[in-house]
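Any read-out appearing in this document is the output of simple, stated calculations on the displayed coordinates, not a laboratory observation. A quick note: this is a predicted structure, and the numbers were derived from the prediction, not measured. Positions of Cβ are generated from backbone atoms using ideal geometry, with glycine treated the same way; all protein chains shown enter the neighbour counts.
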Amino acid sequence: MAWLGIITLITIYWCIFTSATSGRLGWSAICIWLIPILSMTITYEGDISINGLMVLICILMFLVCRRGLLDIKMWNTKLRKHHSIIFGMVYILVFIMFLYSFAEAQIDGYILNIQGWKSEHGSFWTMLLTITPMLALNWVFTQMVFTALDKLYCKKKELTLLSCQFYIASESGVEKGIGKGYFLEGIQNGVTYHFRMTRRTYYMLQKEAILKLKAKIGLFGGLYVTQLESAEFLKRIRKIDRRDARLGILGCILVAALGIWLFWFR
């Protein structure tokens with residue numbers, strides 16, 4: 001159980017670190033799936049019951065959501081076709097697993113029973129106030145799962161973008177607002193393409209006026225760039241990569257030390 005705890009703790013750290021270095025908040029969001037497991041390992045004693053189904057669901061959903069984020073340098077999910085029924089079914093399924101995992105974690109005593117499951121102190125308003133943010137978070141998780149499904153089958157597409165413009169803004173295009181990120185806008189054959197990208201990709205490409213990209217079109221129509229191979233691109237971000245690597249390794253050592261103390265010597 002101690003090994004599961006320390007691996008979970010390090011995984012959470014790497015997700016948060018990846019979120020900070022890539023500019024994608026989704027990496028921090030998927031850590032929520034690991035909270036019940038971490039709480040279980042911290043509170044574990046010899047007589048405590050282990051909810052295997054809850055652990056399995058949390059690990060599975062973490063991996064699926066991670067699949068929706070992994071190895072994507074640039075993306076445009078707004079091009080995806082509308083599949084409202086499929087998206088709605090995925091949303092309901094993910095929410096059932098999300099609610100079940102946290103309900104069982106509270107019932108089994110892994111985390112504080114805020115929602116009042118099987119408690120005399122539970123109330124409708126408490127349940128409503130706690131479930132509402134879960135519904136919003138579930139939308140984020142469903143988007144990741146939908147992206148993972150979209151990436152199951154991809155067609156290759158080559159793009160040569162002219163008049164490339166790079167900017168940092170919110171989803172709506174304003175410089176200040178919620179959902180701030182890194183964006184690219186380019187033109188091919190009179191069609192304007194918009195991509196959102198990671199922080200690393202932004203600093204790698206921001207000086208390019210013309211870009212040749214090998215993209216992939218997903219099963220539902222999402223557009224993804226998963227590879228950017230150029231010695232010149234890598235040279236531009238060498239200092240950033242070295243700095244991030246040093247900070248990442250140092251942070252990992254500190255978190256590992258914290259885990260050893262927490263699970264073996266506390």
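Excluding residues on the same chain fewer than 8 positions from K157, give the lysines whose Cα lies under 27 Å from its Cα.
Answer for K157, where 27 Å is the Cα cut-off: K73, K78, K81, K207, K212, K214, K216, K235, listed by chain and number.
Quote the charge dipole size of the chain about the Cα centre in Debye, to the nearest 20; the model charges only the Cβ of Lys and Arg (+1) and of Asp and Glu (-1).
Dipole magnitude for the chain comes out near 1360 debye.
Against the empirical 2.2 N^0.38 Å scaling, what ratio does the C-alpha Rg of region 155-236 come to?
1.10
Using +1 on the beta carbon of Lys and Arg, -1 on that of Asp and Glu, and nothing else charged, what's the dipole of region 146-266 about the Cα centre, debye to 20?
Result for region 146-266 is approximately 380 debye, rounded to the nearest 20.
Hey, got the dipole for region 2-148? About the Cα centre, +1 on K and R Cβ, -1 on D and E Cβ, debye to the nearest 20? Kindly include the intermediate steps, with their values, before the conclusion.
Working: 8 positive and 6 negative charges, 187 e Å.
In debye, rounded to 20, region 2-148 gives about 900.
Taking the 0 to 90 degree range and rounding to the nearest ten, how far is the long axis of helix 2-22 tilted relative to the main principal axis of the chain, both from C-alpha atoms?
Approximately 30 degrees, to the nearest 10.
With springs only between Cα atoms under 10 Å, which of S163, S28, S230 fluctuates most in a Gaussian network model of the chain?
Answer for the Gaussian network model of the chain: S230.
When only alpha-carbon atoms are used, what values of Rg and Dmax, in angstrom, describe region 2-148?
Using the Cα atoms of region 2-148, the pair Rg, Dmax is 16.3, 52 Å.
With unit charges on the beta carbon (Lys/Arg positive, Asp/Glu negative), name the residue among C164, H194, L254 whose Cα is farthest towards the positive pole of the charge dipole of the chain.
Ranked along the dipole, the leading option is C164.
Using only the Cα atoms of the chain, each taken as one equal point scatterer with no solvent, compute I(q) by the Debye sum, divide by I(0), and report log10 of the ratio at q = 0.07, 0.12 Å⁻¹.
-0.31, -0.86
At a 10 angstrom cut-off on C-beta neighbours, averaged per residue, how do the peptides 250-260, 16-26 rank from highest to lowest?
Going by the mean number of other Cβ atoms within 10 Å, highest first, we get 16-26, 250-260.
Using each residue's phi in region 147-162, evaluate 6.51 cos²θ - 1.76 cosθ + 1.60 at θ = phi - 60° and report the 3J(HN,Hα) Karplus result to the nearest Hz, with x for Gly and Pro.
For region 147-162, the Karplus curve yields 5, 4, 5, 4, 7, 5, 9, 10, 9, 6, 8, 9, 10, 10, 8, 9 Hz.
Would you mind ranking L4, L93, L223 by Cβ crowding within 10 Å, fewest neighbours first?
By the 10 Å Cβ count, ascending, the order reads L93, L4, L223.
What ranking of T147, T43 emerges when the number of other C-beta atoms within 10 Å of each C-beta is taken as an exposure proxy, fewest first?
Ordered from fewest to most neighbouring Cβ atoms within 10 Å, T147, T43 come out as T43, T147.
For the charge dipole of the chain, defined by +1 on Lys and Arg C-beta atoms and -1 on Asp and Glu C-beta atoms about the Cα centroid, which residue among A136, N113, S28 has the Cα displaced farthest towards the positive pole?
S28
In the chain, with Lys and Arg counted as +1 and Asp and Glu as -1 at Cβ, which of these residues, L234, L70, L4, has the Cα nearest the positive end of the dipole, that is, farthest along it?
It is L234.
Taking 37 °C and 0.692 mPa s as the conditions, I'd like the Stokes-Einstein D for region 227-266 in µm²/s, using the Kirkwood hydrodynamic radius from alpha carbon pairs.
This corresponds to a translational diffusion coefficient of 267 µm²/s.
Any chance you could give the angle, 0 to 90 degrees and rounded to 10, that helix 84-107 forms with the longest Cα principal axis of the chain?
Value to nearest ten degrees: 30.
Rank the residues T8, T132 as a footprinting-exposure proxy: fewest other Cβ atoms within 10 Å of their Cβ go first.
Numbers: T8 24, T132 10.
Ranked by crowding around the Cβ, least crowded first: T132, T8.
Expressed as a rounded percentage, what relative contact order does region 80-156 have, with Cα pairs under 8 Å and six or more residues apart? Walk me through the numbers before you get to the answer.
Numbers: 35 pairs, mean separation 26.2, N = 77.
Over region 80-156, the number comes to 34 percent.
If you keep only loop residues by DSSP, which trypsin sites (Lys or Arg not before Pro) in region 188-234 have at most 14 other Cβ atoms within 10 Å of their Cβ?
Listed in order of number, the matching sites are K207.
Just want to confirm a number: the relative contact order over region 199-266, from Cα pairs under 8 angstrom separated by 6+ residues, in percent.
25
List the pair-distance distribution P(r) of region 3-57, using every Cα-Cα distance, as the percent of pairs falling in each 5 Å bin from 0 up to the bin containing the longest distance, rounded to whole percents.
That works out to 4, 19, 26, 21, 14, 9, 4, 2, 0, in percent per bin.
Only Cα pairs within less than 10 Å get springs; with that Gaussian network setup on the chain, which residue of F146, F95, F124 has the largest fluctuation?
Answer for the Gaussian network model of the chain: F124.
What are the ³J(HN,Hα) couplings of region 26-31, residue after residue, when phi is run through the Karplus curve with 6.51, -1.76, 1.60 and θ = phi - 60°? Round to Hz, x for glycine and proline.
Along region 26-31, the couplings run x, 5, 6, 5, 5, 4 Hz.
Report the relative contact order of the chain, percent, no decimals, based on alpha-carbon pairs under 8 angstrom and at least 6 residues apart.
In percent, rounded to a whole number, it is 25.
May I ask you to list the trypsin sites (Lys or Arg not before Pro) in region 82-162 that are in a DSSP loop and have at most 11 other Cβ atoms within 10 Å of their Cβ?
Numbers: sites: K118, K151, K155, K156, K157; in loops: K118, K151.
Of the trypsin sites (Lys or Arg not before Pro), the ones in loops of region 82-162 whose Cβ has at most 11 other Cβ atoms within 10 Å are K118.
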